[in-house]
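Visitor: For reference, the structure I am asking about is given below.
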Amino acid sequence: MSDHDVPSAHAHGPITRVGEIRDHDDHEHGGHGGHGDHDSHASHGGIGKYLLVFVALCGLTTMSFLTYSPYWPWRDQPHVGWAFMMAVSCTKALLVVLFFMHVFWEANWKYVLTIPAAMMAIFLALMLVPDVGMRNRMVSQERALHMARGSDVRLMEQAAEAKVLTEPEAH
Amino acid sequence: MNASAISIPHDHDGHSAGHDDGHGHHGPVLQYQPGLPLSRGKLIMWLFLSTEIMFFAALLGSYVVLRFGAPVWPKPHHVHLSEPIGAFNTFVLICSSVTIVLALEFARANKSSIAKFWILLTLLLGILFLGVKGYEYQAKFAHGIFPQSPRSRIYEKPDLYYGSAVRARLGEPAIIDKLKELDDTPADQLSAEQIAARGRLQQIRKMVASPEQQAFDLAVVADQVMPLPTEGPGGSHDGGHGGHATGLNDIFPWLRLPAVIPGGNMWASTYFLLTGFHAVHVLVGLIVFTILMFYKLGPKQAGKIENAGLYWHFVDLVWIFLFPLLYLF
């Protein structure tokens, strides 16, 4: 399907762009054509590369799980763990999108679809901050009275420690 | 199908524009690519995925904003979340992402039965994910954590409202009968744990009904009904429970007393919404894979597998963010 246009595509000025796209197309479907001259398929994906990405993803998952383990050194500073986990998640997401979803090998349309959506995502969350994120900065006294607080957690922990109840039969 | 958008116009040239009048004059012009260099199915899938990015971004963004704006948010073990189970599910989804990619590779190489094997494996991994998710949901439900009352038995703080809810539950005719039955049961028919728990239950029944009740008493009641586990990664599994590791609700499942998890209601709403929508996406993916199983998965179907794979990777992507946000934050 490809042989007869390629020379003409290179002969005419503007059509070289088509040639580029065709190249890309052959990248995409290089496997089925059976053309011996296209080794581009090996560079696009290839099972070895997928397995490498898989190993990286597993390693990164283990890394984010590390924050849960007792060996995590910044246990008293949760923000360090959060930033670390988000960095790990973004790396994982990038690996999945670039390699498993083949975005690494796609043409420029990928930016048209992903960047506006990603910006929308970020702005949407930011727009929520004043009214939702800061909703408890100014609340009525009554509402504050019924709101759960960190002190309630401490109260229950104290209750667990206090041994108020007698345990007559529990030897 | 495997012909991407670029080759469609070529077929088109050959047939509709004709060989004789179009060739010399229009021929090279018609080779311009009129659309994006990808098949229509894939284009639509990507458009759909870009709406999905916004859909989940809205959910995740709301979660993050609600969570960090809340005066108190439950720790994962307060709400009986198990980090290892979540990590296991992450691993399952990552594996399924690899298997679907391999299915696509083998379909393109015209190894239909191998491709089918990988699709089947993806399907099984997806089912495993949903199974684990269902098990996790069951653990929440068993502790009275539902997104909404009347099923939800979660109270925000051990205050007077909580005390009256416990009193109301203990005053229900069915519970009165059960409590009487429990009190009359001879000690030799109960385990040591049940005997001790029965003693504590009798005391908190007096406490919630007592006219000289102190605020701290209700915290004691809440702690007895369902303690906030101090289980942490440090391995201090049953330290600081004041001698009891499980609550009365666990020992007597019929009791179903209201429990206190500060911030637990908002947590439940966001958790079930996020994981629920994600689970629905997984379910849709499983339906797609089931349909794919009926095809001969050669190069002709590679486009279908690719689109299904794109969707599945996106589902994996969402979980990559959900797992740390829900389980580890």
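Visitor: List every DSSP H helix in chain B whose Cα atoms extend 27 Å or more along the helix's own long axis and whose mean Kyte-Doolittle hydropathy is at least -0.5.
Guide: Working: long enough: B:40-69 (43 Å, 1.22); B:83-108 (38 Å, 1.30); B:112-142 (45 Å, 1.05); B:264-292 (41 Å, 1.47); B:302-323 (31 Å, 0.88).
Both cut-offs are met by B:40-69, B:83-108, B:112-142, B:264-292, B:302-323.
Visitor: Using a 10 Å cut-off on Cβ to Cβ distances, tally the other chain neighbours for every residue of B:78-86 and report the average as a whole number. Each step should come with its number before you reach the end.
Guide: Working: counts 2, 0, 0, 0, 0, 4, 2, 0, 2.
Across the residues of B:78-86, the mean count of other-chain Cβ atoms within 10 Å is 1.
Visitor: Another question about this same structure. For chain B, modelled as a GNM with alpha-carbon contacts under 10 angstrom, which of B:253, B:158, B:227 fluctuates the most?
Guide: Judging by the Gaussian network model, the answer is B:253.
Visitor: Then there's this: Other chains' Cβ within 10 Å of A:144-150 residues: what's the mean?
Guide: Average neighbour count from other chains, rounded to a whole number: 6.
Visitor: Need the C-alpha centroid separation for the stretch B:196-223 versus the stretch B:138-161, integer Å.
Guide: Each part's Cα centre sits 19 Å from the other's.
Visitor: For residue A:135 and residue B:82, what does the FRET efficiency come to when R0 = 22 Å and r is the distance between their Cβ atoms, rounded to the nearest 0.05?
Guide: Plugging the Cβ-Cβ distance into 1/(1 + (r/R0)^6) gives 0.15.
Visitor: Relative contact order for chain B using alpha-carbon pairs under 8 Å, separation at least 6, rounded to a whole percent?
Guide: Here the relative contact order equals 30 percent.
Visitor: Relative contact order for the stretch B:25-158 using alpha-carbon pairs under 8 Å, separation at least 6, rounded to a whole percent?
Guide: 16 percent
Visitor: Let me ask something additional. Please compute the modelled spin-label separation between residue A:105 and residue A:120, points set 7 Å along Cα→Cβ, answer in nm with one decimal.
Guide: About 2.8 nm, to one decimal.
Visitor: Still on this structure, I have one more. Taking the Cβ of each residue in A:120, A:138 as the centre, tally the other Cβ atoms inside 10 Å and list the residues starting with the fewest. Intermediate values should be presented prior to the final figure.
Guide: Values: A:120 16, A:138 7.
Least crowded to most crowded, the residues run A:138, A:120.
Visitor: Right, another one. At a Cα cut-off below 30 Å, give the lysines reachable from residue B:140, other chains included and same-chain residues fewer than 8 away excluded.
Guide: A:92, A:163, B:75, B:157, B:178, B:180, B:206
Visitor: Straight distance only, please: which lysines reach the Cα of residue B:296 with their own Cα at less than 28 Å, same-chain residues fewer than 8 apart left out?
Guide: Output for residue B:296: A:49, B:42, B:111, B:116, B:304.
Visitor: Can you tell me the FRET efficiency between residue B:58 and residue A:161 if r is taken as the Cβ-Cβ distance and R0 is 51 Å, rounded to the nearest 0.05?
Guide: 0.75
Visitor: Using a 10 Å cut-off around each Cβ, can you sort A:110, B:300, B:206, A:92 from fewest to most neighbouring Cβ atoms?
Guide: Least crowded to most crowded, the residues run B:206, B:300, A:110, A:92.
Visitor: With a 10 Å Cβ neighbour count serving as the proxy for reagent exposure, in which order, fewest first, do B:95, A:90 appear? Don't jump to the answer; show the numbers that get you there.
Guide: Details: B:95 19, A:90 12.
Listing B:95, A:90 from fewest to most nearby Cβ atoms yields A:90, B:95.
Visitor: Right, something else. Across the residues of A:133-140, average count of Cβ atoms on other protein chains within 10 Å?
Guide: 3
Visitor: A follow-up question, please. Need the C-alpha centroid separation for the stretch B:271-286 versus the stretch B:96-114, integer Å.
Guide: Value for the Cα centre distance between the two parts: 25 Å.
Visitor: Test of understanding: what is the full-extension gain from residue A:151 to residue A:52, defined as 0.36 nm times their sequence separation minus their Cα-Cα distance?
Guide: On the way: separation 99, 0.36 × 99 = 35.64 nm, distance 4.76 nm.
Gain on extension, residue A:151 to residue A:52, equals 30.9 nm.
Every number here is computed from the coordinates shown, using simple stated rules; none is lab data. Quick caveat: nothing in here was measured; it's all calculated off a predicted structure. Here the Cβ is made from the backbone with ideal geometry for all residues, glycine too, and neighbour counts use every protein chain on show.
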